[in-house]
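What follows is calculated from the coordinates using simple rules that are stated; it is not laboratory data. Please read all numbers here as calculations on a predicted model, not as lab measurements. When we count neighbours, we look across all protein chains shown, and the Cβ atoms used for this are built from the backbone with ideal geometry, even at glycine.
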Amino acid sequence: MEMQKYSQNNCECAKSPNGGCADKKSPSSGEKYSLVLYLVAFIVALGGLLSGYDTGVISGALLYIKDEWLLNDYMQGILVSSTLVGATIGAVSNGALADIFGRKKILILTSILFFIGSILCAVAPNIALLIASRFIVGLAIGVVTFAVPLYLSEISPEKIRGGLVSLFQLAITLGILFSYLINAGFANFEHGWRLMLLAGILPSIILFLGMCFMSDTPRWLVSKGREDEAKAVFQKIEPEIDAQEAVEEIKNVLNRENEDKTKKFQFKKWMIAPLLLGIGLMFCQQWTGINTIIYYAPTILKLAGFETNATAIYATVGIGVVNCLMTFIAIFLTDKIGRKPLLYAGLIGMAFCLFALGAAFQFQAELGAYLKWISLLAAIFYISFFSFSLGPIILLLVAEIFPLKFRGLGMSISTMSNFLFNFTVTLSFLPLINTISENNTFYLYGVIAILCIFYVYFMVPETKGLSLETIERCWVKKVSPRDFSKQSLPNAADCKADGNAADPGVIGENNV
């Protein structure tokens with residue numbers, strides 16, 4: 001975090017229980033953190049409401065839009081995925097904008113953009129303008145998906161970083177649940193889909209009002225020479241630390257970054273590994289089929305036997321409730337048992353549910369009326385496994401794995417790949433169902449989930465308890481991802497000597 005510091009003594013290695021090395025506990029490891037810190041993290045994380053709401057609301061609205069405008073499978077896919085095109089562009093452009101204008105202003109701008117886009121969606125007179133309006137909403141989602149984890153990682157002490165960054169995923173699930181409730185409430189209204197899309201102004205208003213009372217992150221404030229404001233922020237969110245010392249440490253890192261900017265950036269071979277990992281993690285998150293369930297849940301349930309649009313929408317509310325509740329598991333366990341155990345458990349459970357869903361459709365003639373209930377239960381359990389694993393853990397890992405000099409670009413590329421993978425899955429889902437059948441489509445996602453288990457085992461490092469600096473040093477030294485948890489912080493002399501690593505007095509660019 002910007003406040004969680006390591007002195008030279010803390011750069012020494014401490015033996016871990018498994019005989020390897022882990023970061024030595026900081027002196028403040030037993031301290032309680034300020035309530036203001038949690039309040040700030042919660043308000044900022046509300047940005048996830050925007051992403052979650054749009055993700056969920058289209059699932060219900062689509063049933064009515066396709067009937068009103070007689071959309072084929074291809075046009076339905078274009079409508080749903082148009083947001084993802086905008087999100088990809090928003091994610092690419094956000095890194096530079098956040099550095100120029102600050103995290104706070106970017107999030108305020110995002111809320112305004114989402115507000116305007118929601119109104120345009122509600123009044124769209126034809127499918128072309130509706131797609132264009134959803135593109136605008138997508139721009140806001142792309143920005144918020146980058147800016148919120150960045151903000152949270154910059155204010156979070158490393159020992160609770162996993163939990164605080166996971167608040168963003170919790171907010172996404174709350175947004176999805178809220179959208180499902182809105183869908184259910186307007187299911188029987190005339191032009192109900194317009195009201196569903198219009199209700200998107202509510203989460204945008206919540207984020208706008210919340211951010212108006214927030215400060216920017218200390219790191220950004222120091223980078224703009226606003227040191228007194230940075231000290232004030234430190235004193236509010238972690239009053240027991242030396243604010244002046246924290247600011248000086250940020251300045252040291254920024255000075256070193258400015259010196260590096262005079263040199264031509266050289267992409268080194270060791271940087272390929274974290275970059276490919278970020279893209280690979282996003283592939284695992286998207287191509288295991290999560291957004292086929294979220295975007296198309298009512299459509300799937302209608303295929304399974306729920307007769308009307310309204311009953312299919314009502315059934316999805318249960319999916320939204322489970323999605324929200326199970327995210328708390330990640331918040332409480334991520335920093336206790338680690339990232340990889342949760343990924344293993346989630347992927348195994350998701351694979352089982354996907355095969356169960358495929359089998360249910362394969363034997364639908366034999367199952368008869370039971371098909372719809374088996375499909376609903378499989379979807380609910382699938383969501384529950386995703387919600388404590390690939391949902392929050394992937395976003396957390398992507399915020400942790402990139403080295404200091406490459407973090408902004410690396411996170412932007414990963415976020416962009418997330419939306420691109422999401423786009424391909426979303427666009428191809430309905431055509432796949434009609435081409436290779438429902439059961440084979442879910443079998444395909446199940447096989448990918450199994451392959452992702454092996455990918456996590458061999459390629460994903462366990463980052464629990466490791467500072468961002470230690471993670472970076474592991475990449476530089478080409479340590480196997482399976483051995484990251486056995487590494488230690490280097491000693492003080494090495495910390496200063498190695499120009500490729502971050503300053504020992506801070507924990508990475510996003511945790512200065």
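Miscellaneous remarks
- Spin-label model, Asn252/Lys224: points 7 Å from Cα along the beta carbon direction are separated by 2.6 nm.
- Modelled FRET efficiency - R0 35 Å, Gln235 with Ser93, Cβ distances, 0.05 increments: 0.55
- Mean separation of Cα pairs under 8 Å and 6 or more residues apart, divided by the residue count, gives the chain a relative contact order of 27 percent.
- Using all pairs of distinct alpha-carbon atoms, the Kirkwood hydrodynamic radius of the stretch 176-233 works out to 14.2 angstrom.
- Full extension of the chain segment joining Gln244 with Glu307 gains 16.2 nm, where the gain is 0.36 nm per residue of separation less the Cα-Cα distance.
- Across Lys159/Lys486; Lys231/Lys464; Lys105/Lys336; Lys105/Lys464, pairs whose alpha-carbon gap is larger than 25 Å: Lys231/Lys464; Lys105/Lys336; Lys105/Lys464
- As a rough footprinting exposure proxy, the listed residues Thr424, Thr173, Thr88 were ranked by other beta carbons within 10 Å of their own, and the order from fewest upward is Thr424, Thr88, Thr173.
- For Ile272 and Asp483, the FRET efficiency from 1/(1 + (r/R0)^6), where r spans their Cβ atoms and R0 equals 25 Å, is about 0.85.
- Full extension of the chain segment joining Thr435 with Lys105 gains 114.2 nm, where the gain is 0.36 nm per residue of separation less the Cα-Cα distance.
- Relative compactness, the chain, computed as alpha-carbon Rg over 2.2 N^0.38 Å: 0.97
- Taking the square roots of 5 times each eigenvalue of the Cα gyration tensor of the stretch 219-377, largest first, gives ellipsoid semi-axes of 49, 21, 15 Å.
- Point-to-point label distance, Ile206-Asn188, nm (Cα→Cβ direction, 7 Å offset): 2.6 nm
- Per the Cα gyration tensor, the stretch 55-143 maps to an equivalent ellipsoid with semi-axes of 27, 12, 9 Å, ordered largest to smallest.
- Backbone HN-Hα couplings from phi across the stretch 436-444 [Karplus 6.51/-1.76/1.60, Hz, Gly and Pro as x]: 10, 5, 4, 5, 5, 5, 6, 4, 4
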